[in-house]
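One structure below.
The values are calculated or read from the model by the stated rules, or taken from the named source; none is laboratory data. Just so it is clear, the structure is predicted and the values come from calculations on it, not from any experiment. A quick note on method: Cβ atoms are made from the backbone with ideal geometry, for glycine too, and the neighbour counts reach across all protein chains shown. Accessible surface is based on the protein model in full, side chains and every heavy atom, while ligands, DNA and RNA are left aside. Shrake-Rupley method; radii C 1.70, N 1.55, O 1.52, S 1.80 Å.
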Amino acid sequence: MRYFKLSLFFFFWVLLYPAAAQAKIIVGLSSVNIAFLPVYVTQEKGFFKDEGLEVLLVMFNAGATNLQALIGGDVQIMGSAFVETIGGRAAGMDVRNFWGICNLMPFQLYSQAGFKSMKEAKGKRFAISRFGSLTDYLTRATLHHFGINPKEVTILQIGSTPARFAALSAGGVDAAVVWFPVTEIAKAQGYNQLFDLKEIFPEWPYETFAARESWLAREKVQVTRFLRAYQRGVRHTLENRDDAVRAIRKYVKMDPAYAPLGYDQYRNSFPMDGRIAEKAVPVVVEQEYDSGRIKRKISVDELIDRSFMSLLGGK
């Protein structure tokens, strides 16, 4: 009986005083970009520590490698493009998205100055980060949108946005999907904007937090603390422009002149309630299934765990 009382006391102590119970969570981020700004701010302001969490942010150069690390147990939470979890789930991995980070379609397709129209795309070389990544999907979706079979072009794995733009600048590829601030740099240097992906996907679940179902079920208390801290980070991001701009300069390491503009472009895309922009998901699943890249159709409910949004979304 005495042991039971002590155990019960400790349980409620952990809930009421989270700093008393330190826990480590490794979070993989699939790229270095402004879409993860509230994550950087939460880390920078010490909000995770206030919840008794030691959070280590690990940067990847593509969502596919981040997903591999999640399934392998090297990271517990992945911050990544929603679309990258579709292939994993369809392949039998127990990965689920549980919180929206950024609802925005920031990508544009830029090309060499002489490549003026997608009508000229056949035979051209397109740069992506890795096969199975968001840039891979968006490149193929653009080709399909214009009635072009991806087999009629060459798709090259190049790496991150800076690497893809470097390949474009060197003439190694004809076109690449890029985001801010590379979009601004490409425009200033005379490259041609072939296509803005907002025309296909005006509402887009860009980045989400995802984890293995087994881990989410086992670590509900930790996940709740993590999201409680993260919500403070989102609120601080929205209300403190100067701190947010400093975080962009520190973590994203872009030209300092672009940081304020980047903040303004992304600010309204960070949901306080964790809402994931689901509208595009069935379209993506259908296209991936029709192309043969996934072997079975999966529902939105299979991909999203809404329990944490229900618990914390209204706070």
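Excluding residues on the same chain fewer than 8 positions from Lys24, give the aspartates and glutamates whose Cα lies under 16 Å from its Cα. Partners found: Asp50, Glu51, Glu54, Asp74, Glu219. Can you bin the stretch 66-107 into rounded, prolate or oblate? Criterion: square roots of the alpha carbon gyration tensor eigenvalues sorted a ≥ b ≥ c, rounded for a/c under 1.5, prolate for a/b above b/c, oblate for the rest. It comes out prolate by the Cα gyration axes.
Between Ala217 and Lys295, the FRET efficiency estimated from the beta carbon spacing at R0 = 35 angstrom works out to 0.85.
Between the residues Pro282, Met254, Pro271, the greatest Cα displacement towards the positive end of the dipole of the stretch 221-314, with unit charges on the Cβ of Lys, Arg, Asp and Glu, is found for Met254. A simple count of charges around Ser31, restricted to other residues whose Cβ falls under 15 Å of its Cβ and scoring Lys, Arg +1 and Asp, Glu -1, yields 0.
The three principal axes of the Cα atoms in the stretch 156-242 give end-to-end lengths of 51, 34, 24 Å, sorted in falling order.
Can you pull the percent of the chain's accessible area that's carbon plus sulfur, 1.4 Å probe, other chains left in place?
54
Shape call for the stretch 176-290 from the C-alpha gyration tensor, a ≥ b ≥ c root eigenvalues: rounded (a/c under 1.5), prolate (a/b greater than b/c) or oblate? Oblate.
Label separation (Gln193 vs Lys250): 3.2 nm, computed from points 7 Å beyond Cα along the C-beta direction.
Just list whichever of Lys198/Lys253; Lys122/Lys253; Lys151/Lys198; Lys187/Lys297 have alpha carbons separated by over 28 Å in the model shown. If you can, show how the numbers build up before the last one.
Values: Lys198/Lys253 26 Å; Lys122/Lys253 36 Å; Lys151/Lys198 24 Å; Lys187/Lys297 38 Å.
Exceeds cut-off: Lys122/Lys253; Lys187/Lys297.
For Met78, the shell of other residues with beta-carbons less than 12 Å away shows a net charge of -1, using +1 for Lys and Arg and -1 for Asp and Glu.
Given a Förster radius of 22 Å and the C-beta distance between Asp94 and Ser310 as r, what FRET efficiency does 1/(1 + (r/R0)^6) yield to the nearest 0.05?
Details: r = 20 Å, r/R0 = 0.92.
About 0.60, to the nearest 0.05.
Report summary: the helix-based calculation at 222 nm, which adds -39500 (n - 2.57) for every DSSP H run with n ≥ 4 and divides by the residues of the chain, gives -12000 deg cm²/dmol. Out of the stretch 77-133, which trypsin sites (Lys or Arg not before Pro) are coil in DSSP terms and have no more than 12 other C-beta atoms within 10 Å? Hits after loop and neighbour filter: Lys116, Lys122. In order along the stretch 143-151, the Karplus-derived 3J(HN,Hα) couplings, from 6.51 cos²θ - 1.76 cosθ + 1.60 at θ = phi - 60°, round to 4, 4, 4, 9, x, 10, 6, x, 5 Hz, and Gly and Pro are given as x. The value for the stretch 41-113 of Rg(Cα) / (2.2 N^0.38 Å) is 1.35.
Here the convex hull built on the C-alpha positions of the chain has a volume of 128 cubic angstrom per residue.
Report the net charge of residues surrounding Phe131, where surrounding means a beta-carbon distance below 12 angstrom and charges are Lys +1, Arg +1, Asp -1, Glu -1.
Taking every other residue near Phe131 into account, the sum is +1.
Among rounded, prolate and oblate, which fits the stretch 76-181 when a ≥ b ≥ c are the square roots of the eigenvalues of its C-alpha gyration tensor, a/c under 1.5 means rounded, and a/b larger than b/c means prolate? Here the stretch 76-181 falls in the prolate category. Which residues does a label at Lys116 reach in the stretch 174-191, if reach means a backbone N under 20 Å from a point 7 Å past the Cα toward the Cβ? Under 20 Å, as judged by backbone N against the label point of Lys116, lie 174-176, 187-191 of the stretch 174-191.
Spin-label model, Ala69 to Asp50: label points 7 Å out along the Cα-to-beta-carbon direction sit 2.6 nm apart.
With all protein chains kept in place, the per residue accessible area of the chain amounts to 44 square angstrom at a probe of 1.4 angstrom.
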